[in-house]
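Participant: Mind having a look at this structure? Questions to follow.
The values are calculated or read from the model by the stated rules, or taken from the named source; none is laboratory data. Computed from a predicted model, the values in this text were never measured in an experiment. Heavy atoms of the whole protein, side chains included, go into the accessibility calculation; ligands, DNA and RNA do not. Shrake-Rupley method; radii C 1.70, N 1.55, O 1.52, S 1.80 Å.
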Amino acid sequence: MYLFRKKITLHLILSNNSKIIPYTVRIVYQIIYAFAVFLFFRKISYKSYVSPFCILKNKSKISLGKWSELRANTYLNGDIIISDYTQLNPGVVIYGKVKIGKYVMIGPNTMLAGGGHNFDDDTKPMMLQGSSIKFGGITIKDDVWIGANVSILDGVTIEKGIIIAAGSVVTKSADIQNGIYAGIPAKYIKNRF
């Protein structure tokens, strides 16, 4: 960044193609970005990263905290709250009602199913009966590491400091803080410390 004496203008130099962009362009970009966020998201921090290759449905119900990252091929659909410093790696699928705390790492190809399909009416195909949140959605507390290819089902609460091993299926709440859970279905293995 350079500050010129005669003009009180700040210029940014892009390293990839050596073009000079006035600071005012950056301000205009931030205003447009804030307006777009206001229109499409419930809340998203300007310090967050959302890959252009994410699929986001019902953006008005998605909240994204500061310094959070949504990597490529991430799919979000539903009433989703993602807190600060959370990372969703490629291929993560989240739908239904899901609340994710701070400092959470979610590995690639993980599915958080915070809802399910209705199947009570035998006169209609299940596909046409809609979906519902029968068990209250998913809650993931702070400082959690979820490995790759994990499935977490509706009604699960994952307590603070827990590690879920890769390939696990979490059907019941993981309620021992700082525990390590693994398996199908996921069970408590040992404490981290």
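Participant: Put VAL93, VAL144 in order of accessible area, largest first, 1.4 Å probe: what do you get? Could you put the intermediate results ahead of the total?
Facilitator: On the way: VAL93 45, VAL144 0 Å².
Result of the area sort, largest leading: VAL93, VAL144.
Participant: Give me Rg over Rh for region 51-118, both radii from the alpha carbons and Rh done the Kirkwood way, two decimal places. Spell out each step's value before the answer.
Facilitator: Working: Rg = 10.9 Å, Rh = 11.7 Å.
In region 51-118, Rg relative to Rh is 0.93.
Participant: Got a number for the accessible area of LYS66? Probe 1.4 Å, square angstrom, nearest 10.
Facilitator: Here the accessible area works out near 80 Å².
Participant: Work out how much length LEU128 to VAL28 would gain on full extension: take 0.36 nm times their residue separation and subtract the Cα-Cα distance, in nm to one decimal. It would help to have the intermediate numbers written out before the result.
Facilitator: Details: separation 100, 0.36 × 100 = 36.00 nm, distance 4.52 nm.
Additional length available on full extension: 31.5 nm.
Participant: Accessible surface of LYS97 in the full protein assembly, 1.4 angstrom probe, to the nearest 10 Å²?
Facilitator: 100 Å²
Participant: So, one more: Write down the percent of antiparallel bridges among all DSSP beta bridges whose residues are both part of region 103-193, to the nearest 5. Could you put the intermediate results ahead of the total?
Facilitator: Details: 6 of 19 bridges.
Of the beta bridges lying entirely in region 103-193, close to 30 percent run antiparallel.
Participant: Any chance you could run the full-extension gain for GLN177 through TYR103? It's 0.36 nm times the residue separation minus the Cα-Cα distance, nm to one decimal.
Facilitator: Details: separation 74, 0.36 × 74 = 26.64 nm, distance 1.50 nm.
Between GLN177 and TYR103, full extension yields 25.1 nm more.
Participant: Now, a different point. Just subtract the alpha-carbon distance of ALA165 and ASN58 from 0.36 nm times their residue separation and send over the number in nm, one decimal.
Facilitator: Here the answer is 35.5 nm.
Participant: Hey, can you find the accessible area per residue of region 73-132 for me, probe 1.4 Å, expressed in square angstrom? All intermediate terms of the calculation are to be shown ahead of the outcome.
Facilitator: Values: 3090 Å² over 60 residues.
Normalised by residue count, the accessible surface of region 73-132 is 52 Å².
Participant: In addition: How much of ASP121 can a 1.4 Å solvent probe reach, expressed as accessible area in Å² and rounded to 10?
Facilitator: My reading of the accessible area for ASP121 is about 50 Å².
Participant: If ASP175, ASP79 are ordered by their accessible area, calculated over protein heavy atoms with a 1.4 Å probe, which sequence runs from highest to lowest? Mind showing how you got there, number by number?
Facilitator: On the way: ASP175 105, ASP79 60 Å².
Greatest to least solvent exposure: ASP175, ASP79.
Participant: In whole Å, how far is the Cα centre of region 72-134 from that of region 158-190?
Facilitator: 18 Å
Participant: Same structure, new question: In whole percent, how big is the carbon plus sulfur part of the accessible area of region 77-193, probe 1.4 Å, protein atoms only?
Facilitator: Details: 3500 of 6080 Å².
After summing per-atom areas, the C and S share lands at 58 percent.
Participant: On to the next question. Using Cα pairs under 8 angstrom and six or more residues apart, how large is the relative contact order of region 73-118, in percent? Numbers along the way, then the final one.
Facilitator: Details: 101 pairs, mean separation 17.7, N = 46.
It comes to 39 percent, rounded to a whole number.
Participant: Of PHE135, PHE119, which has the most accessible area with a 1.4 Å probe, and how do the rest follow in descending order?
Facilitator: On the way: PHE135 150, PHE119 130 Å².
Of PHE135, PHE119, the descending order of accessible area is PHE135, PHE119.
Participant: Below 8 Å between Cα atoms, with a sequence gap of 6+, how large is the relative contact order for region 45-101 in percent? Write out the running numbers ahead of the final one.
Facilitator: Values: 145 pairs, mean separation 18.4, N = 57.
Answer for region 45-101 is 32 percent.
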